[in-house]
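Enquirer: After the structure tokens below, expect a handful of questions from me.
The values are calculated or read from the model by the stated rules, or taken from the named source; none is laboratory data. All figures in this text were calculated on a predicted structure; none of them were measured in a lab. Backbone-built Cβ (ideal geometry, glycine too); neighbour counts: all protein chains shown. These area figures cover heavy atoms from the full protein model, side chains too; ligands, DNA and RNA do not enter into them. Shrake-Rupley method; radii C 1.70, N 1.55, O 1.52, S 1.80 Å.
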Amino acid sequence: MENPPVTDFATDWDHTDPAWVHDPYPIWDDLRQRCPVAHTDRYGGAWFPATHAGVSAVAQDTEHFTSRTVVLGNGRPLEDAPPAPIGVAPPITSDPPFHTIARRLILPAFAPGPVRALEPRVRELCRRLLDDLGDATEFDAATQYAQFIPPGVIVRMLGFPEADEDMFRDFIHVVLEGVNHPVEERIEEFAPIEAYITAQIEDHRAHPRDDLTSYLLGVEVGGQPLAPEHVFGTIILVLIAGIDTTWSAIGSALWHLASHPDDLARLREDPDLMPIAIEEFLRFYAPVTMARLVKRDVEFLGCPMREDDWVLLGFPAANRDPAVFPDADRFVIDRLENRHLAFGLGIHRCAGSNLARMEMRVALEEFLARYPHVELTDPEAVTWSQGQVRGPRRLPVRVASA
Amino acid sequence: MKVTIDAARCQGHGRCFNLAPDVFGFDELGNGVVLVASPPDDRAERLARLAQVNCPEHAIDIEE
Ligand code: HEM
């Protein structure tokens, strides 16, 4: 279903509009100068702060904004639809004080130590994917490489059968790209996924092992195990938050290197630059945009926000704000001062950021080790996703070994 | 130089301990902690300052 075309993004914006999907940056530049908070009556009323300061103010304010739902759509979830205050997918859909508990529970699993321990398996996975490409000199770096890495990693973390990786990818599409499908259809689409995860949880309950699923089943809060819907919700969250996002980040970085030979050469010659370059990939191609709902009528950033209005947190737009980043619209591979918001800000800071960075680094290192030369076969054939996660979905490249 | 982290602000972005691992470490949640409050040499001081200007939460304080 397509929405009517947008005539003015300041007063009628729509993040699913083809112009926004294709190249949002000039739109945001324009909004930053004119508004800087855009409004639309679409989706029942929604705001879009385009500056670093505006995005930060909303992200840091859990008194006026709720995370009850973070994916902007046409409906509003009922107050009591998800089991409040847990929310559908804790901690991302939880507000304080419950959020604090739900987040503390999962943070140790994503801390630097456990992430480091996972690195050899990620490297092995990347090498196997490259091996599978055989002698091909032309392939799709999004659908034949980047796309497989995050599901492989999450499946290993959760302790689900590795053979099921592909299924997860399809399932993410159901969740993220089916937002415009009618509710009955969505429930139907969800049923097999729900059954699968429930079966995995039962299997782990019967046979505990050393993985995230068993950890969630074993952990106690105030002497009580987690509610079944909490365990289920957190697993769903890790699947959703960990896959499309990271796939997009890896894909965008490969897109950049395939279309900017100078940066590719620079990285090839100076591999130590990688961590700094990764922060610039994250700033410049920040894949994730998140939503909030206004809790009650409030004047905020000079705007009359009403209860249940949406606010879309454009972390990617904040990352292009010239008030914070000199030469904001230029990709500077060795940018040292880079206070970007790709992983959000405040209490919901991406719990998987250590993991995501590691996946990006290993995926790029292994790709460049195998193919020091990469270029786009057909820039016009590249397509970008629509919605709140942005990344290349078709990325045909031509490669050459050393 | 004296380096401190405001634990109430830190959200565990991890920029400090990645940029300046000799000065910053992390706790079991992945939040930043100061390992060496007075960095011993110019290089460590420079990296501590770099960590400060990259902290998204403005949680690092440096007294010169
Ligand atoms: C480059 C890849 C990624 C990006 C850009 C990204 C971005 C984000 C952002 C912006 C948020 C904040 C949401 C909000 O404020 O509402 C977030 C939250 C979250 N992310 Fe990520 N993410 C990535 C990868 C991952 C991975 C790999 C995982 C785990 C497997 C993950 C798990 C989470 C979780 C659990 C939250 C919720 C934290 C909370 O509410 O306290 N993310 N992510």
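Enquirer: Can you work out the Karplus-derived ³J(HN,Hα) for every residue in segment A:207-213? Use 6.51 cos²θ - 1.76 cosθ + 1.60 with θ = phi - 60°, whole Hz, and x for glycine or proline.
Expert: 10, x, 9, 8, 8, 5, 4
Enquirer: Let me ask something additional. Skip the ligands, DNA and RNA, and give the accessible area per residue of segment B:2-63 with a 1.4 Å probe, whole Å².
Expert: For segment B:2-63, the per-residue accessible area is 48 Å².
Enquirer: Once you average over the residues of B:53-63, how many Cβ atoms of partner chains fall within 10 Å of each Cβ?
Expert: Per-residue shielding by partner chains comes out at 3.
Enquirer: Then there is this: With a point put 7 Å past each Cα toward its Cβ, work out how far A:Ala369 is from A:His64 in nm, to one decimal.
Expert: For the pair A:Ala369/A:His64, the computed spacing is 5.0 nm.
Enquirer: Looking at chain A as a GNM with Cα springs under 10 Å, which of A:Glu229, A:Glu162, A:Glu269 has the largest mean-square fluctuation?
Expert: A:Glu269
Enquirer: Let me ask something else about it. Please identify, among A:Glu375, A:Glu194, A:Glu365, the residue showing maximal mean-square fluctuation in a Gaussian network model of chain A using a 10 angstrom Cα cutoff.
Expert: Taking springs between Cα atoms under 10 Å, the residue moving most is A:Glu194.
Enquirer: Here is a further query. Taking every residue in B:13-20, how many Cβ atoms of other protein chains lie within 10 Å of its Cβ, on average?
Expert: That works out to 5 on average.
Enquirer: What's the magnitude of the charge dipole for the protein assembly as shown around its Cα centre, counting Lys and Arg as +1 and Asp and Glu as -1 at the beta-carbon? Answer in Debye, nearest 20.
Expert: 800 debye
Enquirer: What value, in deg cm²/dmol to 500, does the helix sum -39500 (n - 2.57) over DSSP H runs of n ≥ 4 give at 222 nm once divided by the residues of the protein assembly as shown?
Expert: -13500 deg cm²/dmol
Enquirer: Turning to a different aspect of this structure: Please state, rounded to one decimal and in Å, the Kirkwood hydrodynamic radius that segment A:306-402 gives when every pair of distinct Cα atoms enters the mean of 1/r.
Expert: When all Cα pairs of segment A:306-402 are included, the Kirkwood radius is 16.7 Å.
Enquirer: Between the alpha-carbon centers of segment A:291-358 and segment A:1-77, tell me the distance in whole angstrom.
Expert: Between the Cα centre of segment A:291-358 and that of segment A:1-77, the gap is 12 Å.
Enquirer: Starting from the 7 Å offset along Cα-to-Cβ, what nm value, one decimal, do you get for the label separation of A:Ala227 and A:Asp262?
Expert: 5.5 nm
Enquirer: If I stretch the segment between A:Asp378 and A:Asp272 completely, what's the gain in nm (0.36 nm per residue apart, minus their alpha carbon distance), one decimal?
Expert: Taking 0.36 nm per residue and subtracting the Cα distance, the gain is 35.1 nm.
Enquirer: Now for a different question. Find which of B:Gly25, A:Pro372, A:Gln200 sits farthest along the positive direction of the dipole of the protein assembly as shown, computed with +1 on the beta-carbon of Lys and Arg, -1 on that of Asp and Glu, about the Cα centre.
Expert: With unit charges placed on the Cβ atoms, the residue in question is B:Gly25.
Enquirer: Continuing with this model, one more query. Would you kindly calculate the translational diffusion coefficient of segment A:212-327, applying Stokes-Einstein with the Kirkwood radius from alpha carbon pairs, for 37 °C and a viscosity of 0.692 mPa s, and quote it in µm² s⁻¹ without decimals?
Expert: 181 µm²/s
Enquirer: Which three extents, in angstrom, do the Cα atoms of segment A:1-160 have along their principal axes, listed largest first?
Expert: Per principal axis, max minus min of the Cα coordinates gives 50, 45, 31 Å.
Enquirer: Within a 10 angstrom radius of each residue's Cβ in A:343-354, how many Cβ atoms of other chains show up on average? Whole number is fine.
Expert: Rounded to a whole number, the mean comes out at 4.
Enquirer: Report relative contact order for segment A:1-51 in percent, whole number only (criteria: Cα-Cα under 8 Å, sequence separation at least 6).
Expert: Across segment A:1-51, relative contact order equals 35 percent.
Enquirer: Across chain A, how large is the tail of the calculated P(r) beyond 37 Å, expressed as a percent of all Cα pairs?
Expert: 21 percent
Enquirer: Can you compute the charge dipole magnitude of segment B:2-63 about its Cα centre, using +1 on each Lys and Arg Cβ and -1 on each Asp and Glu Cβ, nothing else charged? Give it in debye, rounded to the nearest 20.
Expert: For this selection, approximately 160 debye.
Enquirer: Kindly list the residues of segment A:332-372 that lie in the label zone of A:Arg127, defined by a backbone N under 19 Å from the point 7 Å along the Cα-to-C-beta vector.
Expert: Inside the label zone: A:358-372.
Enquirer: Separate question: So what's Rg/Rh here for chain B, counting alpha carbon atoms and using the Kirkwood radius for Rh?
Expert: 0.91
Enquirer: Averaging sequence separations of C-alpha pairs under 8 Å and six or more residues apart, then dividing by the length of chain A, give the relative contact order as a whole percent.
Expert: RCO, chain A: 25 percent.
Enquirer: How do A:231-243, B:5-17 rank on mean C-beta neighbours within 10 Å, highest first?
Expert: So the peptides A:231-243, B:5-17, ranked by packing, come out A:231-243, B:5-17.
Enquirer: I've got another one for you. Taking every DSSP beta bridge that has both residues in the protein assembly as shown, what percent is antiparallel when rounded to the nearest 5?
Expert: Taking every DSSP beta bridge with both residues in the protein assembly as shown, the antiparallel ones total about 95 percent.
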